[in-house]
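Below is one structure, written out as structure tokens; comments come after it.
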Amino acid sequence: MGLKKQGLVVGATALLTVAVALAGAELHPSKSWAGFRQSPKELVDEVWQVIDREYVDATFNGQDWRAVRREFLSKTYTTPDQAYTAAREMLEKLNDPYTRFMDPEQFRSMQIETSGELTGVGITITQDEKTKDITVVSPVEGSPAAEAGILAKDIILKIDNKPTKGMDLNEAVGMIRGQVNTKVTLTIKRGNETFDRVLTRARIEIHPVKASIRQTPNGPIGYIRLVQFSSNAAGEMRNAIREQEKQGVTGFILDLRSNPGGLLFSSAEIARMFLPQGTIVSTVNRQGEADRLRAGRGFLTDKPLVVLIDGGSASASEILAGALQDNKRAVLVGTKSFGKGLVQSVQPVGEGSGMAVTIAKYYTPSGRDINKKGIEPDVEVKITEAQRESLTREDIATPKDPQYAKALSILNQEIVAQQKQAQKPAPASSTP
């Protein structure tokens, strides 16, 4: 399929603070920018053309796409806002929350965020394909949303007392975003409980990798938390592994909990650090052409590895976890992952606008399609609501954290088994 390194993203739909899913995306100049000044209809047609060329499903999810073009181009558009509304309505017919239109303000905000100037409340949201609920994928660690206790799978019922039922995802994003030090109230549904959270928007500094050395009876182990697959995640991960190897770690815990995803190639590069060989992921486009990303370069460690996942581990996190699980390189601990197996490209359209388009499906090395299904951990460890409420931020990734505690126990078993294997004498050889 010819994957372009910077053009593919596998993050969740929309990020309110950080455009993780769009970070580093390749921006292709649009030919119709100048013409759009004379005819807003050109934007509508350009959006249609992009879908017609690139959308992953050649049936357009059962839509007569040529009839859609006739419908929308038969109308008159005299202002940009009318064209933006038409573009969104047209894309909604695909019933794909990951394919979306961004007006100039939203697209500019995304570009600013990918440059590192990040402000907002710090949650990743998506729109459930069946219920249309605005749903939290995960909060960004250390963000106002995380501090307020927003969790993966929370449903946002209202934004500043405005119901989200029937609300477009872009509208929800626009309402939650805002200036630093301003407030937004989210009405949350969690199970049978409904409550309000008042969040103060902030400027958030995000480093994708947080690493530390933990002492155990079997020697030091490396704990690495990866919070997003941004353009600099692989570099930070490489430095963390090398530094921990220098300090003689005997194994690693890789924490992907609440990681909403990001760049496809960032995920692949990190997988290569743990995999000496084998397939990492395969993608299939609308023509059925498959492209495989493989390991074989950049390998850094063969030490025992345990990976933590949960319902907030999405897309690029699932690619990495699936690659390590299918290649039997790591033990996965936690709960089932989010379940997003689609790849998007991001590109400008019209005069300063942009769109994200689903262009491919991805599969784990064993051929699993995890979209809407998620990845099951090898060892399931659920955290009850009572346990979650009792855990403080300082308790995460400590023995008080049940998932981390189990991961550490399994890692120690793996370390002991590897050490025993290394101590076995080599088989005697003889020459006939």
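Quick note: the coordinates plus some simple rules give every number you see, no bench work behind them. Just so you know, these numbers come straight off a predicted model, no measurement behind them. Cβ: placed from backbone, ideal geometry, glycine included. Neighbour counts: every protein chain shown.
So the values come out like this:
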{"read-out": "Partner aspartates and glutamates for K328 [C-alpha distance under 13 Å; skip if fewer than 8 residues away on the same chain]", "value": "D302, D378, E414"}
{"read-out": "Proximal lysines to K210, defined as alpha-carbon separation beneath 22 angstrom and excluding residues fewer than eight positions away on the same chain", "value": "K246, K303, K400, K406"}
{"read-out": "Rounded to the nearest 20 debye, dipole of the chain from Cβ charges on Lys, Arg, Asp, Glu", "value": "720"}
{"read-out": "Alpha carbon centroid spacing (whole Å) that separates the range 143-196 from the range 309-334", "value": "28"}
{"read-out": "Peptides 216-226, 171-181 ordered by average Cβ neighbours within 10 Å, highest first", "value": "216-226, 171-181"}
{"read-out": "Full-extension gain in nm, A386 to L300, via 0.36 nm per residue minus C-alpha separation", "value": "27.0 nm"}
{"read-out": "Three-way shape call for the range 281-432 based on the alpha-carbon gyration tensor, with the a/c threshold at 1.5", "value": "oblate"}
{"read-out": "From phi via Karplus (6.51, -1.76, 1.60), per-residue ³J(HN,Hα) for the range 74-81 in Hz, x at Gly/Pro", "value": "7, 8, 9, 10, 10, 9, x, 4"}
{"read-out": "Two-decimal log10 I(q)/I(0) for the range 119-203, as the Debye equation yields it once each C-alpha is a single scatterer, q = 0.20, 0.21, 0.22, 0.24 Å⁻¹", "value": "-0.85, -0.94, -1.04, -1.26"}
{"read-out": "Charge sum, other residues only, whose C-beta stays under 14 Å from E380's C-beta, Lys/Arg counted +1 and Asp/Glu -1", "value": "+1"}
{"read-out": "Relative exposure of I280, I359, judged by other C-beta atoms within 10 Å (fewest first)", "value": "I359, I280"}
{"read-out": "Whole-number percent relative contact order across the chain, with pairs defined as alpha carbons under 8 Å at least 6 apart", "value": "19"}
{"read-out": "Choice from F265, F195, F274 with maximal GNM fluctuation in the chain (Cα, 10 Å cutoff)", "value": "F195"}
{"read-out": "DSSP-defined antiparallel bridges as percent of all bridges, the range 225-354, nearest 5", "value": "40"}
{"read-out": "Residue-count net charge about R190 - beta-carbon cut-off 13 Å; Lys, Arg +1, Asp, Glu -1", "value": "-2"}
{"read-out": "Gap separating the Cα centres of the range 358-424 and the range 40-103, nearest whole Å", "value": "41"}
{"read-out": "Per-bin percent of Cα-Cα distances, the chain [10 Å]", "value": "4, 21, 30, 24, 12, 5, 2, 1, 0, 0"}
{"read-out": "Net charge contributed by nearby residues that have their C-beta within less than 12 Å of G288 (K/R +1, D/E -1)", "value": "-1"}
{"read-out": "Antiparallel bridges, percent of DSSP beta bridges restricted to the chain (to nearest 5)", "value": "80"}
{"read-out": "Reach of K158 by Cα under 22 Å, taken over lysines that are not fewer than 8 positions away in the same chain", "value": "K130, K132, K183, K189"}
{"read-out": "Cβ crowding within 10 Å averaged over residues, with 51-63, 96-108 ranked highest first", "value": "96-108, 51-63"}
{"read-out": "Label point distance in nm, V198-K400, each placed 7 Å from Cα along Cα→Cβ", "value": "2.7"}
{"read-out": "Cα gyration tensor category, rounded, prolate or oblate, for the range 110-261 with a/c compared to 1.5", "value": "prolate"}
{"read-out": "Under Karplus coefficients 6.51, -1.76 and 1.60, residue-wise ³J(HN,Hα) of the range 159-168 in Hz, glycine/proline x", "value": "10, 6, 6, 9, x, 8, 4, x, 7, 5"}
{"read-out": "Relative contact order (percent, whole number), the range 290-425, Cα cutoff 8 Å, 6+ residue spacing", "value": "25"}
{"read-out": "FRET efficiency for T182 and R70, using Cβ-Cβ distance with R0 set to 56 Å, rounded to 0.05", "value": "0.80"}
